[in-house]
1. Need the list of lysines near Lys108 for cross-linking: C-alpha distance under 21 angstrom, and skip anything on the same chain fewer than eight residues off.
2. May I ask you to derive the FRET efficiency for Lys55 and Phe77 from their Cβ-Cβ distance with R0 = 41 Å, giving the value to the nearest 0.05?
3. Hey, what do the phi angles of region 87-95 turn into as Karplus ³J(HN,Hα) couplings, whole Hz, using 6.51/-1.76/1.60 and θ = phi - 60°, x for Gly and Pro?
Amino acid sequence: MRFQPMVLTVVLLALVSPRLLGQIASDPQSAPAKHPPIPGQETPPEDDNLARQMKEMAKKANLERQAQLKRDTDKLFQLSSELKQYVDKTNENVLSLDVLKKAEEIEKLARSVKTRMKGNN
């Protein structure tokens, strides 16, 4: 299974963030000082920057997921065409090993595409 750099980054952030937050919560001396809110502004600027960065990361991950879906569906189409050509060459008495291998490859890729479409990278 091949991981894309953005997906790996998101996974690493998801794994590291709870640990860092747990350390900060357990040691109040090491926690960064909270700034009082600026009048007329609901959240501190750091929170806005963090939220913006998270949105950008999510958007990039979504774009990468969409690009991977397009590549996989193109490959799925190609494999399906090849499978049809193999089946057209065989008769009712002969089933080629290539046909079975191609069908298994299509099945694996189709499952991968389905999972990715659900958003479970």
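1. Lys70, Lys75, Lys84, Lys118
2. Efficiency for this residue pair is about 0.80.
3. Whole-Hz 3J(HN,Hα) from phi for region 87-95: 5, 4, 7, 8, 10, 5, 9, 10, 10.
We did not get these values from a lab; they are worked out from the coordinates using the rules stated. Being a predicted model, the structure only gives us computed values, none of them experimental. Ideal geometry is used to build each Cβ from the backbone, glycine not excepted, and the neighbour counts take in all protein chains shown.
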